[in-house]
Structure formats: structure tokens, C-alpha cells
Amino acid sequence: VVYVVDCGRARLTSVNELSLVSALRTCFYAKANGFQRRGRAGRCRPGAWYRLFTSWQWAAMEEYSEPEMLRSPLEELCLEVASLELGAPAAFLLDSLSPPRAEAVQHAVALLRRLGAVTDDSGAQLTPLGRKLARLQVHPMLGKMLLLGGLFRCAQ
């Protein structure tokens with residue numbers, strides 16, 4: 001890559017705090033992402049990085065982006081923690097570098113409980129359905145829909 005034309009925007013996953021629904025939004029990235037994009041210009045020969053935004057916008061950007069664990073839904077992560085038998089997801093995620101809010105973890109475990117993927121309120125033990133959902137590597141609600149669709153022969 002010789003030239004990089006940068007609009008200063010990226011598509012990031014974010015979770016609505018009130019409804020806990022995730023969305024993919026286009027927003028300005030952090031300066032660290034801009035430096036990474038600038039580094040791609042001229043790796044093989046001299047190049048240039050062209051910014052399509054003002055220096056005022058650059059100055060207003062955050063230094064670093066928020067960790068993905070804090071801006072993503074946690075259902076898949078809690079299911080993965082339970083499938084690896086690392087203990088209760090709330091206790092395990094509390095030890096991470098940037099732990100998510102306790103309410104978000106509780107919401108994720110409650111959703112897994114309603115889906116029938118975990119046996120107890122701590123979310124540490126998986127049901128047979130939960131083990132199948134953990135292997136699918138998709139959101140648990142979508143995974144259950146896929147499994148039930150196959151069980152009821154809804155797919156062609």
C-alpha cells in the first residue's frame with residue numbers, strides 16, 4: 001500500500017445502555033486507529049496518508065477507543081466462558097483488564113437462562129442445548145433459531 005485515503009470513520013459495534021440491543025454504527029475512530037492506518041502507507045516504498053477531515057476533528061478525537069468488551073453484547077462471551085468451564089461468567093469477567101458492567105453480565109446470563117442454555121443463575125453450567133450453541137459461534141438467540149429450524153425441518 002502506497003497511499004492511504006482516510007475518511008476518519010469506522011463501523012463499530014455498540015450497545016444501547018437502556019435496551020441492551022447492539023448496533024453497528026459509523027462513527028469517528030480514535031487517534032490510535034488513525035496512527036495505525038497511517039502506518040499502512042508506504043510499507044514497501046515511500047507513501048502518503050491523506051486525511052479527509054480537519055485538524056479540529058482530529059484534535060477532538062479520543063486518544064484510544066473503548067474496549068470492545070464494554071461496547072459489545074456479552075451473551076456469546078458468557079457462553080464461551082461457560083463452555084470452557086472457567087467458572088461463573090460474572091466472576092471470570094470481573095478479573096479482566098477492563099471488566100464490563102455487572103448489570104450487562106447479569107443481563108447476558110439471564111438471557112442464556114431464558115434460552116435454556118445454562119442450568120443456573122450463575123451461568124457456569126451448560127445444558128446440552130448450551131453446548132450445541134457454544135459450538136455454533138453465532139449469537140445464542142440466532143443459534144437456537146437455527147437448531148429449532150433444523151429440528152422442525154423448516155430449512156430446505
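Just a few scattered comments:
- Matching option when the condition is touching a helix residue (DSSP H, G or I) at 6+ places or on another chain (Cβ under 7 Å) and open to solvent by 70 Å² or more (accessible area, probe 1.4 Å), among GLU63, GLU17: GLU63
- Residue in the range 134-156 that is nearest to the chain's Cα centre (by Cα), counting only those that are open to solvent by less than 30 Å² (accessible area, probe 1.4 Å) and within 23 Å of SER14 (Cα to Cα): PRO140
- Search result, residues across the range 14-58 that are out of contact with any Pro (no Cβ under 8 Å at 6 or more places or on another chain) and hydroxyl-bearing (Ser, Thr, Tyr): SER14, SER19, THR26, TYR29, TYR50, THR54, SER55
- Cβ-Cβ under 9 Å pairs, at least 6 apart or on other chains, the range 118-130 side on the phi > 0 side of the Ramachandran plot and open to solvent by less than 50 Å² (accessible area, probe 1.4 Å), far side assigned to a loop (DSSP other than H, G, I, E, B) and of a type outside the set (Phe, Trp, Tyr): GLY123/ALA88; GLY123/ALA117
- Residue in the range 29-47 that is in contact (Cβ under 8 Å) with a residue 12 or more places away in the chain and part of a strand (DSSP E or B) present: no
- Taken over the range 39-58, the criterion of being hydrophobic (A, V, I, L, M, F, W, C) and surrounded by 11 or more Cβ atoms within 10 Å (Cβ to Cβ) is satisfied by ALA41, ALA48, TRP49, PHE53, TRP58.
The values are calculated or read from the model by the stated rules, or taken from the named source; none is laboratory data. Quick caveat: nothing in here was measured; it's all calculated off a predicted structure. Here Cβ is always computed from backbone atoms with ideal geometry, including for glycine, and neighbour counts include all displayed protein chains. In case anyone asks, the SASA skips ligands and DNA or RNA and just uses the protein heavy atoms, side chains included. Shrake-Rupley method; radii C 1.70, N 1.55, O 1.52, S 1.80 Å.
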